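Each remark here refers to the structure printed beneath this line.
The values are calculated or read from the model by the stated rules, or taken from the named source; none is laboratory data. Not measured: the values here are computed from a predicted model. For neighbour counting, all protein chains shown are included, and Cβ atoms are generated from backbone atoms with ideal geometry for every residue, glycine included.
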Amino acid sequence: MDEEQNLDDRFIDLFTTLVNENAGWLSFAEFMHHVLYEPKIGYYSGGRQKFGHGGDFITAPELSPLFGRCLARQVGEVLSETQDGVLELGAGSGSLACDVLRELERIGDLPRNYFILEPSPELTSRQKETLMVLDPNVRNRVSWIGELPKNFTGVMVANEVFDALPVHLMVKSETGWMERGVTICGGQLTWSDRLFSDHRLTKAVDQLDVPAPYLTELCVASDGLVRDLAESLSQGCIFVIDYGYEQLSYYHPERSSGTLACHHQHQTDGNPLTLLGQKDITAHVNFTRLGSVAIDHGLDVSGYASQADFLVNCGITKFLEELDPESVETYLPVVSSVQKLLSPEIMGDIFKVMCLSRDIENPLMGFRHGDRRHRL
């Protein structure tokens, strides 16, 4: 408890300074950035466990290694056309990299390089520990980089990266739209609304026809990340795997509370102003906007499907057929995990897979059936 209180106090001191330096108000995007990424004390910078049963949430790679094996099949297909390497953004615990590399080794499609772009020193250390189980010939292909390379050829993977990018909050009342940020009152963080100062927010709400009251988000930061990825990619594919919606669903009139959510010890809440640095803060991805920005920067949207369709297309049911159903102790847990990956109510339909590409001619196996690009 003392450690948690100390962390809260350090954040309050930080935000008191930042609010005072910014005329008494801080955008939620800035607040979210500091809570998640502030050196030493931010959620992704600190040392507490985040992933898996002992953390705050479970990602697909922690749920089943078959997720990584399926993705590897798609990665291998692209590498056969582009050669070169794989680049994973924000590799979490390292489980996905481990599973992908194992499968690529098994099918004979190992890349020359597997780069990991990871801003967190703590997670980098954990990833290195996870990858120690790999054969040295495979493990030695992995390296950690501090920035996107130039003229990259191959496959980029962003699994649950875009949902953790800072978002602006926009709130509509009977008097119109305002931007919601934070201020300090009596030594405590509190909400504060003001007129838009960013034309991108004004442009976004001009396209929305929703009733008041209405709260939603806009992730301007995703525009910049897509631009940077497009500038880095010379030839190949970018696979974005995340939970989210198309534009019409994202800003549906009935979604009046937005998509912002916090995750702590496998519980979800909607108050990001508590447990600072101790819980994750996320927002769903607007895949329509993401695809549109990618096209503006010279990329193609080569596929867009539910996670369930993508995994089935990449052979997850065939992997299950390789198991012995008579071995109940091993078979049932695997089937249970796969059901969670595929179930529409859990992960199968909430999570989407989008492929952004440059100079890729051949169709991709992951989108053979169930391609939803027409919904974007």
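For the subset of region 250-267 comprising residues that are of a type in the set (S, T, Y) and surrounded by fewer than 15 Cβ atoms within 10 Å (Cβ to Cβ), which member is farthest from Y214 (Cα to Cα)?
Per the criteria, the residue is S257.
So, in region 44-92, how many residues would count as being surrounded by 18 or more Cβ atoms within 10 Å (Cβ to Cβ), of a type in the set (K, R) and either in contact with a Lys or Arg (Cβ under 9 Å, 6 or more places away or on another chain) or at pLDDT below 85 (or both)?
2
When only residues in region 361-376 that are at pLDDT 95 or above and in a loop (DSSP other than H, G, I, E, B) count, which is surrounded by the most Cβ atoms within 10 Å (Cβ to Cβ)?
L364
Would you say R126 is in contact (Cβ under 8 Å) with a residue 12 or more places away in the chain, crowded, with 18+ Cβ neighbours inside 10 Å, among the basic types (K, R) and within 18 Å of G366 (Cβ to Cβ)?
Taking the combined requirement at face value, the residue does not satisfy it.
Within region 261-304, count every residue that is under 16 Å from the mean Cα position of the chain (by Cα) and among the aliphatic types (A, V, I, L, M).
The total comes to 5.
Please determine whether any residue of region 242-250 is on the phi < 0 side of the Ramachandran plot, in a loop (DSSP other than H, G, I, E, B) and in contact with a helix residue (DSSP H, G or I) (Cβ under 9 Å, 6 or more places away or on another chain).
Checking region 242-250: at least one residue is on the phi < 0 side of the Ramachandran plot, in a loop (DSSP other than H, G, I, E, B) and in contact with a helix residue (DSSP H, G or I) (Cβ under 9 Å, 6 or more places away or on another chain).
Has region 93-108 got any residue that is buried (at least 16 other Cβ atoms within 10 Å of the Cβ) and in a strand (DSSP E or B)?
Checked against the condition, which is being buried (at least 16 other Cβ atoms within 10 Å of the Cβ) and in a strand (DSSP E or B), region 93-108 yields no hits at all.
Among the residues that make up region 331-341, is at least one of them touching a strand residue (DSSP E or B) at 6+ places or on another chain (Cβ under 9 Å) and in contact (Cβ under 8 Å) with a residue 40 or more places away in the chain?
Yes, region 331-341 has at least one match.
Consider I145 against the criteria (1) within 25 Å of the chain's Cα centre (by Cα); (2) farther than 29 Å from Y43 by Cα; (3) surrounded by fewer than 16 Cβ atoms within 10 Å (Cβ to Cβ): it satisfies all of them except one. Which criterion is unmet?
Answer for I145: the failing condition is (2).
Restricting to region 167-209, name every residue that is of a type in the set (S, T, N, Q) and closer than 17 Å to F15 by Cα.
T183, Q188, T190, S192
Condition check: in contact with a Gly (Cβ under 8 Å, 6 or more places away or on another chain), in a helix (DSSP H, G or I) and not small (G, A, S). Does L320 satisfy that?
So L320 fails the test.
For H264, all conditions in the list (1) under 30 Å from I107 (Cα atoms); (2) in contact (Cβ under 8 Å) with a residue 60 or more places away in the chain; (3) in contact with a strand residue (DSSP E or B) (Cβ under 9 Å, 6 or more places away or on another chain) hold save one; what is the number of the exception?
It is condition (1) that H264 fails.
Look through T282, T288 and report the one residue that is touching a residue at least 60 places away in the same chain (Cβ under 8 Å) and within 18 Å of Y44 (Cβ to Cβ).
T282
Restricting to region 152-187, name every residue that is among the hydroxyl-bearing types (S, T, Y) and in a loop (DSSP other than H, G, I, E, B).
Across region 152-187, the qualifying residue is only T175.
Could you check D209 against (1) at pLDDT 95 or above; (2) outside any strand (DSSP E or B); (3) of a type in the set (D, E) and say which number it fails?
(1)
Got at least one residue in region 327-350 being surrounded by fewer than 20 Cβ atoms within 10 Å (Cβ to Cβ), in contact with a Ser or Thr (Cβ under 6 Å, 6 or more places away or on another chain) and either at positive phi or among the hydroxyl-bearing types (S, T, Y) (or both)?
yes
How many residues are farther than 25 Å from S257 by Cα and in a strand (DSSP E or B) when one looks only at region 280-304?
Qualifying residue count, region 280-304: 5.
Which condition does T175 not pass, out of (1) without any contact (Cβ under 8 Å) to a residue 24 or more places away in the chain; (2) in contact with a helix residue (DSSP H, G or I) (Cβ under 9 Å, 6 or more places away or on another chain), if it passes all the others?
If we test T175 against (1) without any contact (Cβ under 8 Å) to a residue 24 or more places away in the chain; (2) in contact with a helix residue (DSSP H, G or I) (Cβ under 9 Å, 6 or more places away or on another chain), just (2) comes out false.
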